[in-house]
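Notes to accompany the following structure.
All of the numbers you see were taken from the coordinates with simple rules; none came from a lab. Values in this document were obtained by computation on a predicted structure and should not be read as measured data. Glycine gets a Cβ as well: all are built from the backbone with ideal geometry, and neighbour counts include every protein chain shown.
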Amino acid sequence: MVNFRVLIQLTFTAVAVARTLTVVNSCSYMIWPAIFNNAGSSTPNQPAGWQQDPQETISFSVPDDWAGQLWGRRDCDFSATNGTNSCLDGGCDGGLECTSTATPPATIAEFELNISQQDFYDVSLVGGFNIPLSVTNNKGCATASCPVDLNPDCPAELAGPFDASGNPVGCKSACAAGLGDPVNSPNCCTGTHSTPATCPASGVEYYSYFKGNCPTAYAFAYDTPTTTLPCTSQPDYTVTFCP
Ligand SMILES: *[C@@H]1O[C@H](CO)[C@@H](O)[C@H](O)[C@H]1NC(C)=O
Ligand SMILES: *[C@@H]1O[C@H](CO)[C@@H](O)[C@H](O)[C@H]1NC(C)=O
């Protein structure tokens, strides 16, 4: 028999100290969402990786001061290895439950929640793209998204990895693809290009492919600040894959 008093107390406690994060898989394929908590952040009551069927919705609570990343992985198989190669894209150290950030390319939802001030969130394509996704909320703050599938038309030198049929399931940023000199790179904003002034969008190869298709996503290290969105209303968030 359920102890209702305990249930009610837990419910009120959760409402008082947390937000609800809902993850929706609207893709036609299975995904393995993953979470990485930023250093020093408190952690959600959800494992750092799980399997999610097409059309399945999963909700959990995250602390009001949570700072971390959420992304999706494709074609995972943890029977042979538990590492970055366990998934065709978006893989991490640790296997099903990630202990590292994503291996590029991966479309990443980034969050910095703060109950006393304001939340910041964005969709990052800094390492490239693997799955379309959007970040919406229930308090009318702006949507961050890359809802377009950038894989089919990905420029050849950025495309990959590829599925068994030879179709790209990822599209790397010029930085992640290693174009140019990696230690002094206008694509990666490194070396003499390490400041916003010396690393303009115009110097980032293929920037317009990502930004033109996904204008509200964050497409390189010093992309326009407006792509990192503030929200003061302490909303619940929904991350939808293939919105
Ligand atoms: C939240 O914002 C307040 C006020 O700016 C700041 O003091 C605090 O460190 C922030 N907390 C987090 C977790 O970022
Ligand atoms: C990967 O981790 C899972 C869960 O801990 C385990 O069942 C599986 O055997 C591991 N796979 C390998 C190849 O070690």
Check your understanding: For segment 22-112, treating each Cα as an identical point scatterer without solvent, what Debye log10 I(q)/I(0) comes out at q = 0.24 1/Å?
Key -> -1.26
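Sorted by packing (mean other beta-carbon atoms within 10 Å per residue), highest first, where do 152-160, 107-115 land? It would help to have the intermediate numbers written out before the result.
On the way: 152-160: 15.4, 107-115: 22.0.
Taking the mean over residues of other Cβ atoms within 10 Å, the ranking is 107-115, 152-160.
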Exercise for review: Would you mind checking the radius of gyration and Dmax of the chain based on alpha-carbon positions, in Å?
Suggested key: 18.4, 66
Study note, to complete from the structure: Cβ-Cβ cut-off under 15 Å around Ser41, Lys and Arg +1, Asp and Glu -1: the net charge is -4
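Given only helices, namely DSSP H runs of n ≥ 4 each adding -39500 (n - 2.57), what is the per-residue ellipticity at 222 nm of the chain, to the nearest 500 deg cm²/dmol? Present the calculation step by step, with values, prior to reporting the outcome.
Numbers: 2 runs with 21 residues, N = 243.
Mean residue ellipticity, 222 nm, calculated: -2500 deg cm²/dmol.
With +1 assigned to the C-beta of every Lys and Arg and -1 to the C-beta of every Asp and Glu, and no other charges, what is the dipole magnitude of segment 133-243 about the Cα centre in debye, to the nearest 20? Don't skip to the end; give the middle numbers.
Values: 3 positive and 8 negative charges, 59 e Å.
I would put it at about 280 debye.
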Check your understanding: Taking the Cα centre of the chain as the origin, how large is its charge dipole in debye, to the nearest 20, when only Lys and Arg (+1) and Asp and Glu (-1) carry charge on their Cβ atoms?
Key -> 420 debye
Revision key, fill the gap. Between Gly128 and residues 5 or more places away or on another chain, the pairs with built amide H atoms under 5 Å apart involve Ala106, Ser173
Exercise for review: Please list the non-local residues whose amide H lies under 5 Å from the amide H of Arg19, H modeled 1.01 Å from N, same-chain partners needing a gap of 5 or more.
Suggested key: Val62, Asp64
Check your understanding: Quick one: which of 194-206, 120-132, 90-102 comes out on top by average Cβ neighbours within 10 Å, and what's the full order, highest first?
Key -> 120-132, 90-102, 194-206
Review point. For segment 189-201, in order, what is each residue's ³J(HN,Hα) by Karplus, 6.51 cos²θ - 1.76 cosθ + 1.60 with θ = phi - 60°, in whole Hz (x at glycine and Pro)?
Key: 6, 10, x, 6, 10, 8, 10, x, 5, 9, 10, x, 4
Point to revise | For segment 119-133, Karplus couplings with θ = phi - 60° (6.51, -1.76, 1.60), whole Hz, Gly/Pro x | key: 7, 10, 8, 7, 10, 9, 10, 4, x, x, 10, 10, 9, x, 8
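Arranged from highest to lowest average of other beta-carbon atoms within 10 Å per residue, in what order do the peptides 234-242, 182-190 appear? Numbers along the way, then the final one.
Values: 234-242: 20.0, 182-190: 18.0.
Ranked from most to least packed, the peptides come out as 234-242, 182-190.
Count charges around Ala177 for me, please; just the other residues with Cβ under 11 Å from its Cβ, Lys/Arg as +1, Asp/Glu as -1. Don't jump to the answer; show the numbers that get you there.
On the way: positive: Lys172; negative: Glu157, Glu205.
Taking every other residue near Ala177 into account, the sum is -1.
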Practice item. Could you tally the net charge around Asp75, taking each other residue with its Cβ under 15 Å from the Cβ of Asp75, Lys/Arg +1 and Asp/Glu -1? Key: -2
Study note, to complete from the structure: At 4 °C and 1.567 mPa s, the Stokes-Einstein diffusion coefficient in µm²/s for segment 130-243, with hydrodynamic radius from the Kirkwood sum on alpha carbon pairs, is 84 µm²/s
Review point. Between Asp153 and Asn167, what length in nm is gained on full extension when 0.36 nm per residue of separation is reduced by their alpha carbon distance?
Key: 4.0 nm
Exercise for review: Provide Trp32, Trp50, Trp71 in ascending order of the number of other Cβ atoms located within 10 Å of each residue's Cβ, fewest first.
Suggested key: Trp50, Trp32, Trp71
